[in-house]
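Worksheet for the structure shown next.
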Amino acid sequence: NPRDIKVPGRDAKGIYFAVDFLGQVTKALLDSDFAKVPYELAKGKNVLVIGGGDTGNDCVGTSIRLGAKSVIQLEMMPKPPVERTPSNPWPQWPRVLKTDYGQEEAIAVFGHDPRVYQTTVTEFIKDKNGNVCQAKLTKLKSEKDAKTGRMMMVPVEGTEEVIPVDVVLIAAGFLGSEKYVTDAFKVAINGRTNVDTKPDQYQTSVDKVFTAGDMHRGQSLVVWAIREGREAAKAVDESLMGYSYL
Ligand SMILES: Cc1cc2nc3c(=O)[nH]c(=O)nc-3n(C[C@H](O)[C@H](O)[C@H](O)COP(=O)(O)OP(=O)(O)OC[C@H]3O[C@@H](n4cnc5c(N)ncnc54)[C@H](O)[C@@H]3O)c2cc1C
């Protein structure tokens, strides 16, 4: 269930969820045995990718390979340090700048990193045919929310800028399972809109219905999906047999 960017002008033509765009490209390639490259999706166009994660990186790389004229990738958070900070020592996961293949290809083709940090979109502007033609961007700063005490990224007044865009790809994360699936199975979801289970368990709120992977833990990694799939299979075996040798 992709996280949407709900700002004025969102209904403009030319704004796609990342996986719809990536899926369309992959399908066109596979259906034609790699004979038909769907260049028309990005060739000669100014592409704006919203989201600085793996999915956004795939959108950057794919747009460049389709011949995009320019590619910008927006990231809400500040640019990570190039090296570990003293508060992030080994063996903790290194919270440092990573440059993935899409960004490397952008640097090779355009001569600069496509990522723009601490920035978001506040409006999409349409042309007379309803196609997106510009995006209004604003800088963000970290500020403590008075009510919750949590740090939030908030707009910085006077930093608005308008850029030309022909294609917008929304890669702003995922919000758990698609609702029609959880509704169909009547399984409870948690505050993060993932299918709810007890900690480290796979049995849902509905007897004999199990869950695993992204719809259980939220957007994650292939290695976690594999592990959760195996653990869920073991839980199913245990529930059927009363024990499991898996
Ligand atoms: C663009 C993108 C790039 C990513 N890059 C990386 C990466 O580089 N490295 C990495 O480790 N992870 C990456 N991930 C994350 C990784 O793909 C997921 O964490 C992983 O695929 C989750 O596996 P899963 O089995 O839980 O769900 P999925 O792989 O999403 O599988 C769910 C399956 O259920 C099917 N389905 C949905 N609804 C129904 C239905 N009603 N009936 C039947 N079938 C249904 C879907 O078609 C799909 O095949 C990326 C994700 C995306 C979207």
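A compact table of results
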{"read-out": "Neighbours by Cβ (under 7 Å, 6+ apart or cross-chain): first from the range 168-189, part of a strand (DSSP E or B); second more than 10 Å from the ligand (Cβ to nearest atom) and of a type in the set (D, E, K, R)", "value": "170/4; 174/3; 189/196"}
{"read-out": "Meets criteria (more than 30 Å from residue 58 (Cα to Cα) and not assigned by TED's automatic domain parsing to the domain that holds residue 45) for residue 148", "value": "no"}
{"read-out": "Residue satisfying condition, being more than 26 Å from residue 55 (Cβ to Cβ) and either within 16 Å of the ligand (Cβ to nearest atom) or not charged (D, E, K, R) (or both), within set 221, 240", "value": "240"}
{"read-out": "Tabulated pairs, the range 192-213, first free of Cβ contacts under 8 Å to residues at least 12 places away in the same chain, second surrounded by fewer than 17 Cβ atoms within 10 Å (Cβ to Cβ) and part of a loop (DSSP other than H, G, I, E, B), C-beta under 7 angstrom, 6+ apart or interchain", "value": "196/188; 196/190; 196/205"}
{"read-out": "Among (1) over 20 Å from the mean Cα position of the chain (by Cα); (2) of a type in the set (Lys, Arg); (3) at negative phi; (4) within 16 Å of the ligand (Cβ to nearest atom) - the single one residue 179 does not satisfy", "value": "(1)"}
{"read-out": "Total residues in the range 1-39, condition small (Gly, Ala, Ser), in contact with a strand residue (DSSP E or B) (Cβ under 8 Å, 6 or more places away or on another chain) and within 16 Å of the ligand (Cβ to nearest atom)", "value": "1"}
{"read-out": "Single unsatisfied condition, residue 235 versus (1) more than 11 Å from the ligand (Cβ to nearest atom); (2) touching a residue at least 40 places away in the same chain (Cβ under 8 Å); (3) in contact with a strand residue (DSSP E or B) (Cβ under 7 Å, 6 or more places away or on another chain)", "value": "(2)"}
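The values are calculated or read from the model by the stated rules, or taken from the named source; none is laboratory data. Quantities reported herein were computed from a predicted structural model and do not represent experimental measurements. All Cβ positions, even for glycine, are placed from backbone atoms using ideal geometry, and neighbour counts span all protein chains on display.
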